[in-house]
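Rule-based calculations on the coordinates, nothing more; no lab input. Please read these numbers as outputs of a predicted model, since none were measured by experiment. Quick reminder, even Gly has a Cβ in these numbers, built from the backbone with ideal geometry, and neighbours come from all protein chains shown.
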Amino acid sequence: MGKAIGIDLGTTNSVVAVMEGGKPTVIINSEGNRLTPSVVGFTAAGERLVGQLAKRQAVLNPENTISSAKRFIGRRFSEVQAEIKNVPYQVVAGTDDAVRFLVMGKQYPPEEVSAIVLRRLVEDAAKYLGEKITDAVITVPAYFNDAQRQATQDAGKIAGLNVLRIINEPTAAALAYGLDKKGNETILVFDLGGGTFDVSVLDVGDGIFEVHSTAGDTHLGGDDFDKRLVDWIAEEFLRDHAIDLRKDRQSLQRLSEAAEKAKIELSGALETNINLPFVTANTSGPKHLEMKLSRAKFDQLTSDLVERCKGPVERALADAKIQASQLDEVILVGGSTRIPAVQTLVRRLTGGKEPNQSVNPDEVVAIGAAIQAGVLAGEVKGVVLLDVTPLSLGLETLGGVMTKLIERNTTIPARKAETFSTAEDNQTAVDVHALQGERELARDNRTLGHFRLEGIKAARRGAAQVEVTFDIDANGVLTVTAKDKETGKEQKITVAGSTQLPKEEIERMVKDAQAHVEDDKRRRDEVSARNGADAIAYEVEKQIRDLGDKVPANEKARAEQLITQIRELVKNESTDVPRMRESTSDLQQLAHALAAADPRKGSASAAHAGGPNSAPQAAAEEVIDAEFKQTK
Amino acid sequence: MSSSDINGKTIVDVPPIQQSEIDLVREQLRSEHDMYLRSLADFDNYRRRMERDVAGAVDRGKRSLILGFLEVVDSFDRALLQVGNAATPLVEGLAAVHRKTLALLEAQGVTPYHSVGETFNPALHEAVASVPSTQHPPGVVADELRRGYKIGDTVLRPAHVRVSQQP
């Protein structure tokens, strides 16, 4: 079996998602969108257009463009009389009171039309993933009866799918939030989409979901909010200019788009500007529409729509025989739940509970379906939740700074190694000081552990190669190992619980680092400048020793003067970065001059002077000078 | 448990109860290995897709900006429609700004396409209305209300059109 996908086959829009590497991903369709309109257009030329393309010709071909097939699937003709009034295409009765769409003389059952949509979704998914797709989980509203569920499954079959399961939309939403892992919970799912509103109360225990009640309004959604705005804007304009923008198709189109955009902007901002230059014209010239809309005004215009959400929530709670206070979780589904007034209402009706909305409300059902598909396809044996290390890990290096090896929020298990060296000549042991935190200086971070590695061969500083490895396993147990590459000697420590700091502590440390970012950067620069200056001083000293008599007297004097200066600055832990940098570059130039002047060792010293072991511009290099202290 | 040495190899007779444990562990190992391979494969596929996507991301970012900019260009189109061909400096200035915007778009590979007189094609056109027309045969775009643009060969924004009605 290849990959199994999760499909949210919606009334207005459909979404497809799949599990990849243990995480659900929404699939992008062939038009580059994450949502596919659930619309099929049958053209005179015999084409079957799906999605956006079908919508684009809907106005020309209303009797043969089927949208909202979901309102008819699995139902009897006698049940859908009210729905028929709302659609421009013909709906007739087939045998046994079945519902049929009459399109260009032929009769189509709703499942066949849905199958056309499904087939397109599957094709696009296969293209996106680069592999054939045969298995899927499809979601349906919790209130769907057996006939509706069967018909949806049939639609899948007609589309060539092996339907692994039909699951309820609110259940899928709960899965997306991992609520099946949380023991016994009572959940309310509030689903306000483009055209429909559904409330469900579920129970989950031992990973099994049970729907206790459903309620809703089959004709309440974001489209109603848009229409309210369009009407208000048009009325204002009518009052000012005696022109009804709704009468002209073009200006109505622009108005509708602007209204939708304004609604979306008001979910974030308190005020928005609706600006349509040259929206229309009459004998006295062009007319422009420009008006401000505040969130307060929008809320006022749509308050009755928001209030209509109240009844179903109360009914659902009553039918489930629970009080709002007994709810453990509330989930928001559907784009319209982004409207602040809606969120306020939900909080009010659920006893002040903070609803779950971190997963995109337009996609949460598809994501839950994908998770279920993954489980059924045997890919996911219980969702594997990977931990992260909450704070950066590293060790103390020359100058008392912390050199990070593993960045915070790195997914674990993780492993990082870097090579360090000695700070002094003839240093035979290194002290490894393992740290956790975000500050630049070692002393401002949390110590995880200390150990020393001995037996390093005495050599000039920077010669030894000590590889330090930080290794965190899936349980958050950190092992820090130091190994002398030359002798093969190794020491290590193990630290448990480094990923289990209390949340407040983590936040405090991160905030602390942010507050000190300027200070810390300055200190780091100082240390870096000192280290660099010290390194070049050491190099040039060596150069002079090696060259002996060959060093011109004045250059030797100049060099010694600079070296003394630098040594003084370093000893006093100078913070005069510009001065140190200047001395460093002066000395560097001298080093080059000396190297150039020496015909014997010319290229070797030049390389040495500028090589990784001594480059003063320390920051990112392979071998880092580490202040590993000597035994005292 | 008995054991015997043959050529330095130790053969151990394993009692049945331990055999079933071994089988269980083998099965678990096989299962874990399988999941590991799936993860690797997923990662590989993901990485390949990310490489594709990154290339697309810059495009998408540009796209978003350009689509917004097109609305401004639309306003210029409408303005010029209103003022017609009056030869005043203001009108000339407007027309010049308009040309500048088109040049800017072209530099990004964005070009307008012509719709009036073309057979209606939902890939290129979004029908806002159907209208009676004596000029155009049925099913042909009679009127353009909003210009369509392509970026390279792909449609960036379909044109809003009025299509000649079937009689």
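Remark on region B:74-155: ratio of C-alpha radius of gyration to 2.2 N^0.38 Å is 1.28. Over the C-alpha trace of region A:119-188, radius of gyration and Dmax come out as 14.4, 40 angstrom.
Here A:528, A:78 are placed in order of increasing Cβ neighbour count within 10 Å, fewest first, which gives A:78, A:528. Working note: 222 nm ellipticity from helices only, DSSP H runs with n ≥ 4, each -39,500 (n - 2.57), summed and divided by the residues of chain A, gives -11500 deg cm²/dmol to the nearest 500.
Stokes-Einstein diffusion of region A:411-475 at 25 °C, 0.890 mPa s viscosity, Kirkwood radius from Cα pairs, rounded to a whole number: 182 µm²/s. Altogether, the Stokes-Einstein calculation at 20 °C and 1.002 mPa s, with the Kirkwood radius of region A:120-270 over Cα pairs as Rh, returns a diffusion coefficient of 113 µm²/s. Kirkwood's formula applied to the C-alpha pairs of chain B gives a hydrodynamic radius of 22.2 angstrom. Here the Kirkwood formula puts the hydrodynamic radius of region A:1-83 at 14.6 Å, using every distinct Cα pair. Neighbour counting of Cβ atoms within 10 Å sorts the residues B:118, B:106, fewest neighbours leading, into B:106, B:118. For region A:166-236, the dipole from Cβ point charges (+1 on Lys and Arg, -1 on Asp and Glu) about the Cα centre works out to 300 debye, to the nearest 20.
Radius of gyration (Cα atoms) of region A:247-312, expressed as a multiple of 2.2 N^0.38 Å: 1.36. With bins 5 Å wide beginning at 0, the percent of Cα pairs of region A:66-171 falling in each bin runs 2, 12, 21, 23, 18, 13, 7, 3, 1. Rounded to the nearest 20 debye, the dipole magnitude of region A:1-79 is 160 debye, with +1 charges on Lys and Arg beta carbons, -1 on Asp and Glu beta carbons, and the Cα centre as origin. In terms of surrounding Cβ atoms within a 10 Å radius of their Cβ, A:103, B:83, A:16 rank from fewest to most as B:83, A:103, A:16.
Its residue count N fixes a reference of 2.2 N^0.38 Å for region A:1-150, and the Cα radius of gyration divided by that reference is 1.08. Extent of chain A along its three principal axes (Cα atoms, max minus min coordinate, largest first): 109, 69, 52 Å.
Dipole size of the protein assembly as shown about its Cα centre, with +1 on Lys/Arg Cβ and -1 on Asp/Glu Cβ: approximately 1220 debye, rounded to the nearest 20. Ellipsoid semi-axes for region A:310-368, based on the Cα gyration tensor and the rule √(5λ), read 20, 13, 11 Å when sorted largest first.
From largest to smallest, the equivalent ellipsoid semi-axes obtained for region A:466-544 from the alpha-carbon gyration tensor read 33, 26, 6 Å. For region A:177-252, the equivalent ellipsoid built from the Cα gyration tensor has semi-axes of 45, 10, 9 Å, listed from largest to smallest. The Cα atoms of region A:393-509 cover 46, 27, 18 Å along the three principal axes, with the biggest extent listed first.
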